[in-house]
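Structure, as structure tokens:
The values are calculated or read from the model by the stated rules, or taken from the named source; none is laboratory data. Just so it is clear, the structure is predicted and the values come from calculations on it, not from any experiment. Heads up, the Cβs are rebuilt from the backbone with ideal geometry, glycines too, and the neighbour counts pull from every protein chain shown.
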Amino acid sequence: MGKLDGRVIVITGAARGQGEQEARLFAAEGARVVLGDVLKEQGAALAAELGAERARFVPLDVAEEGDWAALVEAAEEAFGKIDGLVNNAGILRFNALVDTPLEEFQQVLSVNQTGCFLGIRAVAPRIAAAGGGTIVNTASYAGLTGMAFVGAYAATKHAVVGLTRVAALELAAQGIRVNAVCPGAVDTPMTNPAALDPSADPQEAARAVDELYRKLVPLGRIGRPEEVARLALFLSGEDSSYITGQPFVIDGGWLAGVSPF
Ligand SMILES: NC(=O)c1ccc[n+]([C@@H]2O[C@H](COP(=O)([O-])OP(=O)(O)OC[C@H]3O[C@@H](n4cnc5c(N)ncnc54)[C@H](O)[C@@H]3O)[C@@H](O)[C@H]2O)c1
């Protein structure tokens, strides 16, 4: 018995990183997964690896209303219903607030915040029609506290926590639970772009990441995307049946406070 047997769950940003691990874990736990991403080759390759019985890839830019309508249609055509959503797609840009171009600020907003809103708006009615289910939004540590040089990102992740609470209130009567994961630092291309850079030395980049998070994080290491996937599984399954409207921090203790030593 899998924890998600019989479920059909849409995962955005599923081509790599945390979304990929969520797709792998959810499929292993019995769900059929619909993977949406702008990275078409990687997304299609992952769906092919998981198999047509278990997975479909649908090209999706989360900021595009029309893409959401097409994804919902393709998902229901493939698997008959949708009863779960993981809003995971996101982008990060580093800049001081006073140096951030409007275009960059709006780009981060359109993916992280508008994308999450459009996902809820497109998919929640389908989950309700299927008799209820779950939505897991991906906020961040930076959705609950400030972080210098990621102003646009932090603003959107605070907004995702707000959307989560409002959606939980509005959708509870339809049997839909809505929660958020708030990861600290997780080892994906977002935190370690050198992993994608063919000219970078991967061992050197990994060493720098290790050293940084050994100092910053009480548990002494960066998180793994598989660990966030397990939290998303908990929030998508029956084990969290009485939980809705909450942000869940998964950060190795980073947000617990400051340590003088
Ligand atoms: N890695 C971290 O340390 C960390 C920490 C806190 C929160 N997060 C959040 O976790 C989520 C996943 O990030 P990740 O760490 O796996 O990073 P990642 O960059 O590896 O993955 C993000 C995925 O989202 C996809 N994506 C980007 N823009 C998109 C769009 N417009 N439409 C559809 N897909 C799009 C990318 O193609 C990619 O597959 C993001 O929301 C991110 O903000 C990450």
Looking only at residues in region 142-172 that are charged (D, E, K, R) and either crowded, with 24+ Cβ neighbours inside 10 Å or more than 22 Å from Leu231 (Cβ to Cβ) (or both), which one is farthest from the ligand (Cβ to nearest atom)?
-> Glu170
Could you please find all residues in region 126-141 being away from the ligand (no atom under 16 Å from the Cβ) and in a strand (DSSP E or B)?
-> Gly133, Thr134
Within region 69-89, can you find the residues that are outside any strand (DSSP E or B), within 16 Å of the ligand (Cβ to nearest atom) and of a type in the set (A, V, I, L, M)?
-> Ala69, Ala70, Leu71, Val72, Ala74, Ala75, Ala89
For Ala180, the lone unmet condition from (1) of a type outside the set (Ser, Thr, Tyr); (2) under 25 Å from Val86 (Cβ atoms); (3) assigned to a helix (DSSP H, G or I) is (3)
Could you please let me know if Gln113 is more than 10 Å from the ligand (Cβ to nearest atom), closer than 20 Å to Gly17 by Cβ, outside any loop (DSSP other than H, G, I, E, B) and modelled with pLDDT of 95 or more?
-> yes
Among the candidates Val136, Val108, Val62, which residue alone is under 22 Å from Gly237 (Cβ atoms), under 15 Å from the mean Cα position of the chain (by Cα) and not small (Gly, Ala, Ser)?
-> Val136
Flag for Arg230 being within 22 Å of Ala23 (Cβ to Cβ), assigned to a strand (DSSP E or B) and touching a helix residue (DSSP H, G or I) at 6+ places or on another chain (Cβ under 8 Å) | no
Would you say Ala148 is hydrophobic (A, V, I, L, M, F, W, C), part of a helix (DSSP H, G or I) and without any contact (Cβ under 8 Å) to a residue 60 or more places away in the chain?
-> no
